[in-house]
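*Asks:* My structure is below; once you've seen it, I'll send some questions.
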Amino acid sequence: MKKKAGTIMVTSANMIGTGAGWGIPVATHTLNVTIGGIVDRTIEHKNQFEKRQNLCLTFSFDHDIIDGAPAARFIRNIKKIIESGEIII
């Protein structure tokens, strides 16, 4: 499977429509990433409420290969990188 399809699958669930667009893929790879829509949400930031755009992402892991704790750390790091914009080119 790895030689033919790799270890990570990326797909999109809501590239044309509007709204959140979450997806739950059938786990066929070690890591499956489903890109959903972008939706405006009101969040609290520095004791004020702001309207921000949120990107909906779904990550699915093959737990026969990746344990839950490293997966949770990976998600926490991805979230931090996206929110900070550190790696935006």
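The values are calculated or read from the model by the stated rules, or taken from the named source; none is laboratory data. All figures in this text were calculated on a predicted structure; none of them were measured in a lab. Note that each Cβ is placed from the backbone with ideal geometry, even for glycine, and that neighbours are counted across all protein chains shown.
*Asks:* Go through the range 22-66 and report how many residues are among the acidic types (D, E) and exposed (fewer than 10 other Cβ atoms within 10 Å of the Cβ).
*Replies:* Residues meeting the conditions: 3.
*Asks:* Residues of the range 62-77 being among the hydrophobic types (A, V, I, L, M, F, W, C) and either part of a loop (DSSP other than H, G, I, E, B) or modelled with pLDDT under 90 (or both), which ones?
*Replies:* Within the range 62-77, I65, I66 meet the criteria.
Here is a yes/no grid of residues against (1) within 12 Å of the chain's Cα centre (by Cα); (2) of a type in the set (A, V, I, L, M, F, W, C); (3) over 24 Å from K3 (Cβ atoms):
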position	(1), (2), (3)
K46	no, no, yes
C56	yes, yes, yes
F61	yes, yes, no
I66	no, yes, no
E86	no, no, yes
